[in-house]
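Q: Just passing along the structure, written as structure tokens.
Please treat every number below as a calculation from the coordinates, not as lab data. Keep in mind the model is a prediction, meaning the values are calculated, not measured. Every residue, glycine as well, gets a Cβ built from its backbone with ideal geometry; the counts of neighbours run over all protein chains shown.
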Amino acid sequence: MSATTEPQQTNAATAQPETMTWDSKTRRMVTIYVPLACFLIILLFPFYWMTITAFKPNAELYDYNTHNPFWITSPTLDHIRLLLFGTAYPRWLMTTMIVSVCATVLSLLSSTLAAYAIQRLRYKGSQYVGLAIYLAYLVPPSILFIPLATMVFQLGLFDSPLALILVYPTFLIPFCTWLLIGYFKSIPFELEECALIDGATRLQILWQITLPLAVPGLISAGIFSFTLSWNEFIYALAFIQSSENKTVPVAILTELVTGDVYQWGALMAGSLLGSLPVAIFYSFFVDYYVSSLTGAVKE
Amino acid sequence: MSAVAEDKVWVRQAKAQSALSKLFDWKPFLVAMCMLPALGLLFVFLTYPLGLGIWLAFTDTTIGRSGRWVGLENFEYMLEDPIWWNAVFFSVFYTGVATIGKFGLGLWLALLLNNHLPFKSMLRAIILLPWIVPTVLTAIAFWWIYNPQFSIISWIFIELGLRTTNIDFINTAWPARWSLIGANIWRGIPFVAISLLAGLQTISPSLYEAALLDGSTGWQRFRYITFPMLLPILAIVMTFSIIFTFTDFQLVYAITRGGPVNSTHLLATLAFQRGIPGGQLGEGAAIAVSMIPFLVFATLFSYFALARRKWQQGESND
């Protein structure tokens, strides 16, 4: 039986260049699908655990002997209710959303202009400016937050979401500019030349010709900026003091973790709800996201 | 004759431009306007704070009081501080082990994904999930997984009969260090795998066909084709990974806050603890500045790796 199926398998395998080295179905199973399944289980387990904890009543949460910990026998919305009505969680979500959207718009605007100037206007030294912007991406927030905290304090922006909106572009602009330079490069220059001959101004060209063609690039850069701003932690932790102005990641860690008895159900519910907007946003544009991630590395 | 007439018409249209739109067609002005927002923001909130941070490291600034110049005092104090040395040790150890883990497993995952698989794009999307979800929120999930009393990992081990007691994940120094490294590897694998997968897909299949005809083994194909072709991307991704692992803050702050007894402080968390809640801005800045030599090293590595390829916006397109 196996002797008859094996040669067929080999023929089918040699037909496709990707699978030409694999000679049997079992070997393929053991070397590809089993490790892949292990990777998937390990990578997704924390999310499963987060979700299941968020809906477990406390009785099941702290008792693994009478209830199977991997399943819920009587799911409850108590933790989510506590989170939404017992804390300022909706407010934190709102603040995070505003900060992320504003920072994204600001950085998209400035990096589009910068990328256009570097890639299309080609002024003297534009290469070096491009390199400098790239190097700016390598400066991590961890060494900037202390001086920035003193600056934010002197500017009177301490404890204000505006400080975060102004500071987040420092790590968003380098990435977006880098990404958009790559996109602008892929748009044929002849299109712009035609428009120039027809008497369009440079700004008209940017607005009516280059930008519509660069929409995929803009979407990628926008998604990336949004998720990075949503994830940002250290600046928000250092610059924001009052509870109502905190962003979700900071608020969960500093407002929900109080005392010695942690509300694990509510903590997990908060983590789950805080992850959902990014996850939903991501799932709509996943191809753009992957292409931006891989494109930026390949460029 | 008619050509001249058309010329005149065209000139008249050009004259209809307003002074403002003419200004925007003047290249130096246009370039300046385009570069101003990006460079302005980066200069004010990145370059200036970088300089300010270095200056603060040489002062005794605290919160609410601007400091005096104290020379190298902060650094002298730092070099005698066992907690700082411990943080340096753990930062290097954390970065080293986590990078090896991430790249080993990430490369393996990328090679697996590079096969002909059903639902490939969906798999790719699912695998990236740990990377896009906010670090702190997954760190809290890990904190719960590492809970001394209700850890699910301990429960599984006990149920399987491999242990009789709960595993102590985060309350003693070495287990806490390994737990943090584990969480960091978990979060880093997707980025490495997806980036390297992009690199793998650019390798032409004809190279493998030629090698197969020459009778190469699977390991030889990996060693002499896949690995060298992947090296440029590997170098860049690794530089980013090293920089952001070395300066990591969120994971450690969320899971252990540097404890138990300062054994899991990274330089970034130590700088935060001294600088913001501790109020010693000068000292915190000095600790943050002490990360710069490591970063410069990593950046130079990246630059030379990039320089081997054609510079992105160079004159010659490839």
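Q: Which residues' amide hydrogens lie under 5 Å from the amide hydrogen of B:Thr59, considering only partners 5 or more residues apart or on another chain, with H built in the peptide plane?
A: B:Val70
Q: With 10 angstrom as the radius, rank B:Cys34, A:Cys38, A:Cys176 by how many other C-beta atoms surround their C-beta, starting from the fewest.
A: Fewest-to-most Cβ neighbours within 10 Å comes out as A:Cys38, B:Cys34, A:Cys176.
Q: Further, regarding this structure: Rounded, prolate or oblate for chain A? Axes are the square roots of the Cα gyration tensor eigenvalues, ordered a ≥ b ≥ c, and the cut-off for rounded is a/c under 1.5.
A: Details: a/c = 2.57, a/b = 1.10, b/c = 2.34.
Oblate is the answer for chain A, as a/c is 1.5 or above yet b/c matches or exceeds a/b.
Q: To continue, here is another question. Rank the residues A:His79, B:His265, A:His67 as a footprinting-exposure proxy: fewest other Cβ atoms within 10 Å of their Cβ go first. If you can, show how the numbers build up before the last one.
A: Details: A:His79 25, B:His265 28, A:His67 17.
Neighbour counts put them in this order, fewest first: A:His67, A:His79, B:His265.
Q: Counting only C-alpha contacts under 8 Å and six or more residues apart, can you give the relative contact order of chain B as a whole percent? Walk me through the numbers on the way to the answer.
A: Numbers: 312 pairs, mean separation 80.7, N = 318.
Reported as a whole number, the value is 25 percent.
Q: Over all alpha-carbon pairs of the protein assembly as shown, lay out the pair-distance distribution in 20 Å bins, whole %, shortest bin first.
A: Values per bin, smallest distances first: 17, 48, 28, 6, 1, 0.
Q: Taking springs between alpha-carbon atoms closer than 10 angstrom, which of A:Thr254, A:Thr177, A:Thr53 fluctuates most in the Gaussian network model of chain A?
A: Greatest mean-square fluctuation among the candidates belongs to A:Thr254.
Q: What's the lysine pair count for chain A at a Cα cut-off below 28 Å, pairs eight or more apart or interchain? Don't skip to the answer; put the middle values down first.
A: Numbers: A:Lys56/A:Lys246; A:Lys124/A:Lys185; A:Lys124/A:Lys298; A:Lys185/A:Lys298.
So the count works out to 4.
Q: Next up: Based on the alpha-carbon gyration tensor of segment B:172-287 and its eigenvalue square roots a ≥ b ≥ c, which shape applies: rounded if a/c is under 1.5, prolate if not and a/b is larger than b/c, or oblate?
A: Working: a/c = 4.32, a/b = 2.82, b/c = 1.53.
Note, shape of segment B:172-287 comes out prolate.
Q: Another question, then. Binning every alpha carbon pair distance of segment B:73-312 at 10 Å from zero, what are the percents per bin?
A: 7, 25, 29, 22, 12, 4, 0
Q: Among A:Thr95, A:Thr66, A:Thr51, which one shows the highest mean-square fluctuation when chain A is modelled as a Gaussian network with alpha-carbon springs under 10 Å?
A: Result: A:Thr66 has the largest fluctuation of those listed.
Q: Find the relative contact order for segment B:121-280 and round it to a whole percent, using C-alpha pairs within less than 8 Å whose residues are 6+ positions apart. Kindly include the intermediate steps, with their values, before the conclusion.
A: Values: 129 pairs, mean separation 42.4, N = 160.
In percent, rounded to a whole number, it is 26.
Q: Using only the alpha-carbon atoms, what does segment A:153-252 span along each of its principal axes? Please give whole angstrom values in decreasing order.
A: Principal-axis extents of the Cα atoms in segment A:153-252, largest first: 56, 24, 18 Å.
Q: Along segment B:138-149, what does the Karplus equation 6.51 cos²θ - 1.76 cosθ + 1.60 (θ = phi - 60°) give for ³J(HN,Hα), rounded to whole Hz, x for Gly and Pro?
A: Calculated HN-Hα couplings, in order: 6, 4, 5, 4, 5, 4, 6, 5, 8, 4, x, 9 Hz.
Q: Using a Gaussian network for chain B with springs between C-alpha atoms less than 10 Å apart, which of these wobbles most: B:Ala139, B:Ala183, B:Ala32?
A: B:Ala32
Q: Suppose only helical runs count, i.e. DSSP H with n ≥ 4. What mean residue ellipticity at 222 nm does that imply for chain A under -39500 (n - 2.57) per run, divided by all residues and rounded to the nearest 500 deg cm²/dmol? Provide the component values of the computation, followed by the final result.
A: Numbers: 17 runs with 201 residues, N = 299.
Roughly -21000 deg cm²/dmol at 222 nm, from the helical runs in chain A.
Q: To continue, here is another question. Would you mind ranking A:Ile181, A:Ile165 so that the residue whose beta carbon has the fewest other beta carbons within 10 Å leads the list?
A: Numbers: A:Ile181 24, A:Ile165 21.
Listing A:Ile181, A:Ile165 from fewest to most nearby Cβ atoms yields A:Ile165, A:Ile181.
Q: Right, something else. Averaging sequence separations of C-alpha pairs under 8 Å and six or more residues apart, then dividing by the length of chain A, give the relative contact order as a whole percent.
A: Values: 284 pairs, mean separation 76.3, N = 299.
That works out to 26 percent.
Q: If you project the alpha carbons of segment B:225-292 onto their three principal axes, what span does each projection cover, largest first, in Å?
A: Answer, in whole Å and largest first: 53, 24, 15 Å.
Q: Run the helix sum for chain B: -39,500 (n - 2.57) per DSSP H stretch of 4+ residues, divided by residue count, reported at 222 nm to the nearest 500 deg cm²/dmol.
A: Numbers: 18 runs with 220 residues, N = 318.
Dividing the helical sum by the residues of chain B leaves -21500 deg cm²/dmol.
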